[in-house]
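First up is the structure itself, then whatever we jot down about it.
No value in this document is a laboratory result; all are computed from the given coordinates. A quick note: this is a predicted structure, and the numbers were derived from the prediction, not measured. All Cβ positions, glycine included, derive from the backbone under ideal geometry; neighbour counts span all protein chains shown.
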Amino acid sequence: MLGEYRIEGKRAAEIAASVERAVGSGELEPGQLLPPMRELAVELGVNPNTVAAAYRTLRERGVIETAGRRGSRVRPKPVTTARELSRLDVPPGVRNLSDGNPDPALLPALAEAFTAAAALADREPVLYGAAAVEPELARIARADLVADGVPDGPVVVTSGALDGIERVLAAHLRPGDAVAVEDPGWRSVLDLVPALGLRAVPVGVDDEGPMPDDVRTALAAGARALVVTDRAQNPTGAALSATRARALRSVLEEYPRTLLIEDDHGHRIVDLPLHPLAGVTRHWAFTRSAAKAYGPDLRLAVLTGDSVTMDRVQGRQRLGPGWVSRLLQRALVRLWSDGAVDVRAVAAAYGRRRDALIGALAEHGIEAHGRSGMNVWVPVPDETGAVARLLHSGWAVAPGARFRMSAPPGLRITVSTLAPDEVGTVADAVAAAVGPAPARRYV
């Protein structure tokens, strides 16, 4: 079961640490089955309750997961696993369409913005005790939010969207609480939720966003929070339509104590209108990251929400990093002010690539989805075999298992750098790898 590795320890903390060390070193791999609690207790000469406590600690830390009688396993992406162990290795000569990155050619030049921000910092250094948010950034961000119908609220700056989502969840929830998440959905959220000791409850998704009936079922069963991607949903490309947003607001009105978190990371790379849900529930948060439009290394997101939630987020932030570099904030202000990203041109570029691939796959009788953003989702009967065959033919795509809980299998193909003359070749390769599939709901 564990190969040559032997779990050690007499106390719960020692047993948990032994497993965690092995997962971190790679001696215990993702998906590996752990011994039944009673069996391990006999082997270690301890009370079964001691092992149960160790396993509970590991679950709360996001290292293992338990599925009833099927036992406990190392999570597919445990928080202690080195990143290289969970990364898809792309051999030399293979075209990488798996990474989810934006097209570097569509990212703006940063040198001038950072030079201007550095010059301002020389004249007006930011010292301890200064405001955490650049005033001009707050002004521009608030104006954009108001224009898109997002309710008024304090503006907070976090180190990316996921940092903001984590801080909001931690501000309200406690280990054991349930969070409704999109399925298929952003794998970082699917990993973050259990890493915080929370329980992820899957909610189905179609082209227009989360399914209202699934959301209602999750909230009725006790889910205390809901995480929704407004546009450019990863991996399916879903975007909330006006009709779907009305239906979801109606559901949320039935559960006003729900913590609502909206992620609009597609801001400035999509041209579909925003249909926010914020304001229906008592506690809510709305985040916009600069990563997709200006570059992943610009670790900055704007977060707003109700005053209680934002106060808790800011208070905890002060006790940790303190603030996100005002140098970064000033550089982003410069990029915004200069119109460094032509939103229509970028959205159109990604749209052409998505539509071309979806159309080429349709000619082979293959269903595919991608209403917005830079990814196309392809439902398949056997994603492991399809990924392997595509890799053999020279194309690396992401297996759907990285993005789903109970949703059917699929492939995520990142089209951000897909050239027009590659579209037909990719479609031919996918067709050969998976064959035509009957239309199906991909949730």
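Here the dipole of region 111-338 is about 640 debye; that uses its Cα centre as origin and unit charges on the Cβ of Lys and Arg (positive) and Asp and Glu (negative). Just to confirm a number: summing +1 for Lys and Arg and -1 for Asp and Glu over residues other than ASP152 whose beta-carbon lies under 14 angstrom from that of ASP152, what do you get? Net of charged neighbours comes to -1. Helices in the chain that qualify as membrane-span-like (whole DSSP H runs, Cα extent of at least 24 Å along the helix axis, mean Kyte-Doolittle hydropathy of -1.0 or higher) are 343-363.
Each of the peptides 9-20, 226-237, 89-100 was scored by the mean count of other Cβ atoms within 10 Å over its residues; in descending order, highest first, they stand as 226-237, 9-20, 89-100. Spatially, region 361-420 and region 261-317 are offset by 28 Å when compared through their Cα centroids. Phi-derived couplings, Karplus 6.51 cos²θ - 1.76 cosθ + 1.60 at θ = phi - 60°, listed residue by residue for region 276-285: x, 9, 3, x, 6, 9, 5, 10, 8, 8 Hz, with x used for Gly and Pro. From the square roots a ≥ b ≥ c of the eigenvalues of the alpha-carbon gyration tensor of region 155-277, which class results: rounded (a/c under 1.5), prolate (a/b over b/c), or oblate? Oblate, since a/c reaches 1.5 and b/c is not below a/b. Work from the charge dipole of region 111-338 (Cβ charges, +1 for Lys and Arg, -1 for Asp and Glu, about the Cα centre) and give the residue of PRO273, PRO210, TRP336 farthest towards its positive end. Going by the Cα projections, it comes out as TRP336. Listing ASP421, ASP191 from fewest to most neighbouring C-beta atoms within 10 Å gives ASP421, ASP191.
Think of it as helices only: each DSSP H run of n ≥ 4 in the chain is worth -39500 (n - 2.57), and spread over all residues that comes to -12500 deg cm²/dmol at 222 nm. Toward the positive end of the charge dipole of the chain, with +1 on the Cβ of Lys and Arg and -1 on the Cβ of Asp and Glu, the farthest Cα among LEU240, VAL251, PRO420 is that of VAL251. What the Cα convex hull of region 315-431 gives, in volume per residue, is 171 Å³. Rounded to the nearest 20, the size of the Cβ-charge dipole of the chain about its Cα centre is 1060 debye, with Lys and Arg at +1 and Asp and Glu at -1. Sorting the segments 205-215, 340-350, 139-149, 125-135 by their mean number of nearby beta carbons within 10 angstrom, highest to lowest, gives 205-215, 340-350, 139-149, 125-135.
Distances between placed amide hydrogens fall under 5 Å for LEU259 paired with ALA225, LEU226, all partners being 5 or more residues away or on another chain. From the alpha carbon centroid of region 7-68 to that of region 97-144 is 44 Å. Counted over the chain, the DSSP beta bridges are approximately 55% antiparallel. As an equivalent ellipsoid, region 111-338 spans semi-axes of 30, 19, 15 angstrom, where each value is the square root of five times an eigenvalue of the C-alpha gyration tensor, largest first.
Using the average count of surrounding beta-carbon atoms within 10 Å as a protection proxy, the listed peptides 368-378, 59-69 rank, highest first, as 368-378, 59-69.
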